[in-house]
Structures are given as structure tokens and as C-alpha cells.
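Peer 1: A single structure is presented below for examination.
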Amino acid sequence: MYTFNTQLTGSFEQTVSKVTEALKQEGFGVLTDIDVQATMKAKLNVDGRPYRILGACNPPLAHQAISADPDIGALLPCNVVVREEADKKITVSFMDPVAVLQLVDKPEIAALGKEVRARLERVRDKLRG
């Protein structure tokens, strides 16, 4: 699997805010916030449920990764998807950095992947309450 997730109840926008705050507590900033619902409406005139892709980055860990392998930027940042399901529950999916960083065959990168995953799991656990 390349993701792990949790499901929450509540408003979509409040969930996005909670995710952003929980990421911040683990040292991540949100570099990008892609509103897929709005993009699909604007580009394809397709109506969809709320769906956001948050590009999360922990600068010290990203610096370590880029220092170890300059091409690793193609695998960054860690994406977090917040989407509304048909039943109005909100799913938060986290990219699994361990799975993704297996593409780089370097022990120091594997160790970083484990550290990032541990932090993202703590974010998931905070969201669950």
C-alpha cells in the first residue's frame, strides 16, 4: 500500500484546518493546497465532492533527503488527501513515505522515510482524537 488513512466526521473545511494544524505540530508546513473539486469544475465543468491535496513538507527532513539524493525532490512533498465521501464522512489519506522512498536504494533515505512516516502516523492519531 502506498497510503494509510483515517475517516472523520465533521465539516470538510474544519477537517482541512485540523489536518493543517496537526501537521504543523509535527514540524510540517503545507507548501501546496490543490482544490481538485474547483479545478475539475473550472477545467472540465465536472461537479465533484470536496477533494484537496495538501503538499506537506518538513524542511529539516527534506533538506536531509535532498542532501542524500538531489533527485529525491521528484518524490516530495508528502501528499495528504482530504476528501468527502458519499456518506459525508471525511477521509484523510497520507502518502506512505516508506513505500514511496523504497524507490531510492539508500539506507539513509530509508531511515528518513521511517521518521517521516512516524510523524505522519502521529498526525493521523491526533486527528482521531
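The values are calculated or read from the model by the stated rules, or taken from the named source; none is laboratory data. Quick caveat, the model's predicted, so the values are computed rather than measured. Positions of Cβ are backbone-derived with ideal geometry, glycine not excepted, and every protein chain shown enters the neighbour counts. Note: areas computed on protein heavy atoms with side chains; ligands, DNA, RNA excluded. Shrake-Rupley method; radii C 1.70, N 1.55, O 1.52, S 1.80 Å.
Peer 1: Which residue pairs have Cβ atoms closer than 9 Å, lie 6 or more positions apart in sequence or on different chains, and pair a first residue in the range 31-42 that is among the basic types (K, R) with a second residue that is open to solvent by 80 Å² or more (accessible area, probe 1.4 Å)?
Peer 2: What qualifies is K41/D47.
Peer 1: Which of the residues belonging to the range 79-100 are in contact (Cβ under 8 Å) with a residue 24 or more places away in the chain, surrounded by 14 or more Cβ atoms within 10 Å (Cβ to Cβ) and over 11 Å from I53 (Cβ atoms)?
Peer 2: If the condition is that a residue be in contact (Cβ under 8 Å) with a residue 24 or more places away in the chain, surrounded by 14 or more Cβ atoms within 10 Å (Cβ to Cβ) and over 11 Å from I53 (Cβ atoms), then E84, I90, T91, V92, F94, D96, A99, V100 are the ones that fit.
Peer 1: Could you check the range 13-37 and list, in sequence order, the residues that are of a type outside the set (D, E, K, R), touching a Lys or Arg at 6+ places or on another chain (Cβ under 8 Å) and closer than 16 Å to Y51 by Cβ?
Peer 2: V16, I34, V36, Q37, listed by residue number.
Peer 1: Let me ask another. I need a count of the residues in the range 104-124 that are out of contact with any helix residue (DSSP H, G or I) (no Cβ under 7 Å at 6 or more places or on another chain), in contact (Cβ under 8 Å) with a residue 12 or more places away in the chain and open to solvent by 70 Å² or more (accessible area, probe 1.4 Å).
Peer 2: Of the residues in that region, 1 qualify.
Peer 1: Can I ask one more? Look at S67 and say whether it is touching a residue at least 60 places away in the same chain (Cβ under 8 Å) and of a type in the set (S, T, N, Q).
Peer 2: No; evaluated as a whole, the condition is false for this residue.
Peer 1: Another question about this same structure. Quick check on this structure: which one of V98, V104, V116 is hydrophobic (A, V, I, L, M, F, W, C) and in contact with an Asp or Glu (Cβ under 6 Å, 6 or more places away or on another chain)?
Peer 2: V104
Peer 1: Scan the range 15-50 for residues that are open to solvent by 80 Å² or more (accessible area, probe 1.4 Å) and within 15 Å of I90 (Cα to Cα) and jot them down.
Peer 2: Matches in the range 15-50: K18, R49.
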